[in-house]
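Participant: Next up is a structure, given as structure tokens.
Every number here is computed from the coordinates shown, using simple stated rules; none is lab data. Since we're looking at a predicted model, the values are computed, not measured. In this analysis, Cβ positions are derived from the backbone assuming ideal geometry, glycine residues included, and neighbour counts consider all displayed protein chains.
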Amino acid sequence: MRELLRRLLTGVVYVILLLSAVFLSSDAFDFLFMVFGLACLYEFKKLVRLRGYYLFAAYLGLWWLFIYIVRDAVLINILMFLSITVNITMIYFLFTKKKFYRAYEKFVIGLFYIGGGCIFLTMIPYKDDDFANC
């Protein structure tokens with residue numbers, strides 16, 4: 001019962017944060033998903049025992065690049081292709097029971113599976129470079 005209450009309270013806090021960021025401004029929304037991405041990367045890094053902080057630096061660089069600089073559809077499609085390729089590779093690993101051991105494999109999976117997903121989640125409310133606030 002304590003675990004259920006803890007999860008309920010955490011979910012309520014996340015919903016309040018998300019709705020506040022959506023209605024506050026586009027920068028608050030972007031910052032919130034950047035922080036969520038960093039938290040997810042931290043958990044992934046602990047899970048796969050990846051050392052160093054270069055995954056965070058690469059995610060922040062990629063996130064900043066695609067949220068604030070890149071508006072070219074071709075580059076966004078390249079990021080999407082890389083993210084989908086990593087997702088398909090992870091499905092392959094799941095069904096063949098192969099494991100990824102090398103640090104660069106863990107890095108690429110973390111960057112494009114988690115980082116790419118958070119970047120695309122941040123891009124959802126934008127249409128024609130304008131934040132679609134309700």
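Participant: Explain nothing, just the number: relative contact order of segment 18-129, from Cα pairs under 8 Å at least 6 residues apart, as a whole percent.
Facilitator: Relative CO of segment 18-129 lands at 40 percent.
Participant: Would you mind classifying segment 14-90 by shape? Square roots of the alpha carbon gyration tensor eigenvalues, ordered a ≥ b ≥ c; an a/c under 1.5 is rounded, otherwise it is prolate if a/b is larger than b/c and oblate if not.
Facilitator: It comes out oblate by the Cα gyration axes.
Participant: Take the Cβ-Cβ distance between PHE120 and LEU9 as r, set R0 to 25 Å, and report the resulting FRET efficiency rounded to the nearest 0.05.
Facilitator: Once rounded, the FRET efficiency stands at 0.30.
Participant: On a C-alpha basis, how far is the centre of segment 1-50 from the centre of segment 71-134 in Å? Whole number, if you could?
Facilitator: 18 Å
Participant: Pick out, in residue order, every one of the trypsin sites (Lys or Arg not before Pro) in segment 46-78 that is DSSP loop and has at most 16 other C-beta atoms within 10 Å; say none if there are none.
Facilitator: When the trypsin sites (Lys or Arg not before Pro) of segment 46-78 are filtered for loop state and at most 16 Cβ neighbours within 10 Å, ARG49, ARG51, ARG71 remain.
Participant: Check each of the chymotrypsin sites (Phe, Trp or Tyr not before Pro) in segment 18-127 and keep only those in coil by DSSP with at most 16 other C-beta atoms within 10 angstrom; list them in order.
Facilitator: Loop-located and lightly packed - TYR53, PHE100, TYR101.
Participant: Calculated from DSSP H runs of 4 or more alone, at -39500 (n - 2.57) each and per residue, what is the 222 nm mean residue ellipticity of the chain, nearest 500? Each step should come with its number before you reach the end.
Facilitator: Working: 6 runs with 96 residues, N = 134.
Only helices count here, giving -24000 deg cm²/dmol.
Participant: Which one, GLY11, GLY115, GLY61, has the greatest fluctuation when you compute a Gaussian network model over the chain with C-alpha springs under 10 angstrom?
Facilitator: In this elastic network of the chain, the residue with the biggest mean-square fluctuation among GLY11, GLY115, GLY61 is GLY11.
Participant: What's the Kirkwood radius of the chain in Å, using all Cα pairs?
Facilitator: The Cα-based Kirkwood calculation yields 16.4 Å.
Participant: I want to make sure I understand the PRE zone here: with the label point 7 angstrom from the Cα of LYS99 toward its beta carbon, which residues in segment 18-50 have backbone N atoms less than 20 Å away?
Facilitator: Answer for this model: 43-50.
Participant: Treating only the Cβ of Lys, Arg, Asp and Glu as charged (+1, +1, -1, -1), what charge dipole size does segment 2-131 show about its Cα centre? Round to the nearest 20 debye.
Facilitator: Taking the Cα centre of segment 2-131 as origin, the dipole is about 1040 debye.
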